[in-house]
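We did not get these values from a lab; they are worked out from the coordinates using the rules stated. Everything quoted here is computed from the prediction, not taken from an experiment. Glycine also receives a Cβ, built like all others from the backbone with ideal geometry; neighbour counts cover every protein chain displayed.
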Amino acid sequence: MVSADSDFPARYVVPTVAQSVKILVVGAFGVGKTTLIGSVSEIAPLRTEETMTSASVGVDSLAGLDGKSTTTVAMDFGRITVTPDVVLYLFGTPGQRRFWDLWEGLADGAVGALVIVDTRRLEDSFEVFDQLETRTGMPFAVAVNEFPDAPRYDADQLRTALDLLPDTPIVLCDARHKESSAGALITLVEHALHHPASQKAPA
């Protein structure tokens, strides 16, 4: 990762950047998408979070999500410069099905998606993968967000449980920590830029 020069305001992209890469950050409700973007973004992240109300009762399951009181209703946005000449623009999607119509617009021009999963609720990710493959067809990598109380599985177990192709990268990640989150994003970029589908999306 590249730190902005002290004489160059952080809100601007450094002059050496020659390539901009759009990335989607997707996943089921409550897996840590907003947290990951917030942990790595070098600018103040844009968030469209709203307080959850009684209207979500019976619609958004809070099982295993103690303390969660807000939800993303449009998107999250952040930016990270990963090398002196490459900057990533991060677009986080809402996890709930009722917001999935937003995915097509957010996916336009993206080279790939980082899918965040929670091993306490793997079944919640099945529809996310279906949505990603049906609506975008773009390459993706999987980041397992390591919640303290989450069960641990090896890559082969996760690949089988999630029915992933052999070449789909799977990485462990703590979405609260910048270095860990950035590592997951870099893994995705390296995979996506060498994937045939990425040729369809401008970088």
Quiz prompt | Karplus 3J(HN,Hα) series, Hz, for region 112-125 with 6.51 cos²θ - 1.76 cosθ + 1.60 (x for Gly, Pro) | solution = x, 10, 9, 9, 8, 10, 10, 5, 6, 9, 4, 4, 5, 8
Practice problem: Order by neighbour count: R11, R135, R120, fewest other Cβ atoms within 10 Å first, most last. | Solution: R11, R135, R120
Quiz prompt | Ascending count of other beta-carbon atoms within 10 Å, so fewest first, for L165, L185 | solution = L165, L185
Exercise. Determine ³J(HN,Hα), in whole Hz, for all residues of region 129-136 in sequence, where each value follows from phi through the Karplus function 6.51 cos²θ - 1.76 cosθ + 1.60 and θ = phi - 60°; x replaces Gly and Pro.
Key: 5, 4, 4, 4, 6, 6, 8, 10
Quiz item: With charges only on Cβ, +1 for K and R and -1 for D and E, what is the dipole size of region 116-201 about its Cα centre, in debye, rounded to 20?
Solution: 260 debye
Quiz prompt | Phi-based couplings in Hz for region 178-195 (Karplus 6.51, -1.76, 1.60; Gly and Pro marked x) | solution = 4, 5, 5, 5, 5, x, 5, 5, 5, 4, 4, 4, 4, 5, 5, 6, 10, 9
